[in-house]
Amino acid sequence: MQNEKFDTEILKLIENKLDYIYSIAKCNYNDNPELMDTIENLAQVAKMFAQIRIQELKGLEKTSSPQGFIVSKLANSYSRMQNYEKQKKEINVPPWKL
């Protein structure tokens, strides 16, 4: 028996938790669209990694273009975080005085 760094059952549990995170972000999209969209995308990326690893462990190759999917989702999240950082720097809050 080979000593695996990942266990298929644990990866399936990870997938389930990522599905939950994704669904919560999707349901609460209107609360904070940019944040929820970023969370959705990152959950999808992490789930894709888990799915690919499960396929590798089982000797299957079902996913046709995981790299393209991951790069696309990460690009969206990366862009949103850059915009957030810019907005935060642009806010000029006057110093608070007593």
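The values are calculated or read from the model by the stated rules, or taken from the named source; none is laboratory data. These figures come from a predicted structure and were not determined experimentally. Heads up, the Cβs are rebuilt from the backbone with ideal geometry, glycines too, and the neighbour counts pull from every protein chain shown.
In the set (1) modelled with pLDDT under 80; (2) among the hydrophobic types (A, V, I, L, M, F, W, C); (3) touching a Lys or Arg at 6+ places or on another chain (Cβ under 8 Å), the condition left unmet by W96 is number (3). Within the stretch 16-41, residues that are more than 18 Å from N83 (Cβ to Cβ) and aromatic (F, W, Y) reach no partner that is surrounded by fewer than 14 Cβ atoms within 10 Å (Cβ to Cβ) and modelled with pLDDT of 95 or more with beta carbons closer than 6 Å at six or more positions or on different chains. Got at least one residue in the stretch 38-48 being surrounded by fewer than 17 Cβ atoms within 10 Å (Cβ to Cβ), under 14 Å from the mean Cα position of the chain (by Cα) and in a helix (DSSP H, G or I)? No, every residue in the stretch 38-48 fails to be surrounded by fewer than 17 Cβ atoms within 10 Å (Cβ to Cβ), under 14 Å from the mean Cα position of the chain (by Cα) and in a helix (DSSP H, G or I). When the stretch 51-87 is filtered for residues that are among the β-branched types (V, I, T) and either loosely packed, with under 11 Cβ neighbours inside 10 Å or more than 21 Å from L11 (Cβ to Cβ) (or both), only V71 remains.
In the stretch 1-37, of all residues being aromatic (F, W, Y) and assigned to a helix (DSSP H, G or I), the one that is surrounded by the most Cβ atoms within 10 Å (Cβ to Cβ) corresponds to Y22.
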